[in-house]
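The values are calculated or read from the model by the stated rules, or taken from the named source; none is laboratory data. Keep in mind that this is a model prediction, so the values were computed, not measured. In this analysis, Cβ positions are derived from the backbone assuming ideal geometry, glycine residues included, and neighbour counts consider all displayed protein chains. Calculation scope for accessible area: heavy atoms of the full protein, side chains included, ligands and nucleic acids excluded. Shrake-Rupley method; radii C 1.70, N 1.55, O 1.52, S 1.80 Å.
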Amino acid sequence: MHRLRGFDYKRPYFYMVTLKRLAGLPALSRIVGDAEKHYLEANCITRRFVDVIKDFHNTWYCIEPITCFSIMPDHIHLLIKIRDIEKRVGLAVIVRMLMRELEKCWGRLLAEQQGDALAGGAAARKTLKSGAVARSDGQHLFEFHWHDWIVKKDGQLAAFTRYIRENPERAWLRQQNRRYFGAVRKVSFLGREWFAYGNLAILDLPILMAVKGHRATKPGSPEWNSLVEACSRIGPGGAGVGTFMSPLEKECGNAIAASGGKWVVLSPEGFHERWHPPREQERFCAEGRMLFLSLYSAMDRMPTKQELYQRCHEMGDIVVEGLNDN
């Protein structure tokens, strides 16, 4: 959980908040559909959670009604708006209380199902043990760390709203098309044509941040700390864009991963039609978390160090200039 240093989280902004379900617990919903239509299918957890989220503003008067949210199988996205009134509560308190209410709802549902299982005999107890909402006593539903993004730039609110509403479609496409991330294609990005390998939908995320750090930057320096902190706040709704080659850029990549964000990796070597990244990165591509871009096709020889250096700077400068303009 990385809050923006020095920012007053009581300020009346929209905040996109992401809560992650703990690994190994039952899905909060299910993605179903076909090529024409795909959507989230509610289960007993989903329906209860919808009621809690929609009614939450009645308890916490300092926020507007939460109307834009998506309950995904393993996480929840919400847009929370703090009202512009005199007495306000910080976002951290609001989110913790919402998590608490959802987990209380989860506990009540578990108790109901345990009661049904006791009343239903051995077959019902077996279903509860293997199925819907069983958990160990005292175990939470959500990870302790959650992510927020402050929506304060022109156009961001529409982008985050679209991102939340289209989340089920993107997730369905990733589920159904894992092998789709196995070929080099061409894509237009920042006014240039690039060779691409991976999840092209990353380029449609509401936050794309240029990541460019000089090799000589020292760990702990203001430049180092500032860029790493910014990357630690990218979160599930965004991606860092860079070569991720210098020590600072690698540290930024780790910070992005910890925040739940994604990567657009600029590759100076160039691509041929059968190009594949290393196995670990190939897995990230198949999961929809990584996209490789290059302005160059493969050469009939290995590029020299000087060529690689020049290509890294050329692509990095294009990204820095293009994303800063946006």
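Worth pointing out:
- Considering the conditions (1) at pLDDT below 90; (2) open to solvent by 50 Å² or more (accessible area, probe 1.4 Å); (3) of a type outside the set (A, V, I, L, M), residue 225 is excluded by exactly one of them, (1).
- Filter result for residue 73 (part of a loop (DSSP other than H, G, I, E, B), within 21 Å of residue 108 (Cα to Cα) and either free of Cβ contacts under 8 Å to residues at least 12 places away in the same chain or not polar (S, T, N, Q) (or both)): yes
- Breaking point among (1) open to solvent by 40 Å² or more (accessible area, probe 1.4 Å); (2) within 19 Å of residue 313 (Cα to Cα), for residue 265: (1)
- Of the strands (runs of 3 or more DSSP E) contained entirely in region 142-207, those carrying at least 1 residues that are at pLDDT 90 or above and within 30 Å of residue 107 (Cα to Cα) fall at 147-151.
- Number of the exception - residue 105 against (1) touching a Ser or Thr at 6+ places or on another chain (Cβ under 8 Å); (2) of a type outside the set (Phe, Trp, Tyr); (3) open to solvent by less than 40 Å² (accessible area, probe 1.4 Å): (1)
- Close pairs from region 86-102: first open to solvent by 10 Å² or more (accessible area, probe 1.4 Å), partner aromatic (Phe, Trp, Tyr), Cβ under 7 Å, at least 6 apart: 89/60; 90/9; 92/9; 97/60; 99/142; 101/56
- In the condition set (1) open to solvent by 10 Å² or more (accessible area, probe 1.4 Å); (2) small (Gly, Ala, Ser); (3) at pLDDT 95 or above, residue 239 is compliant with all but (1).
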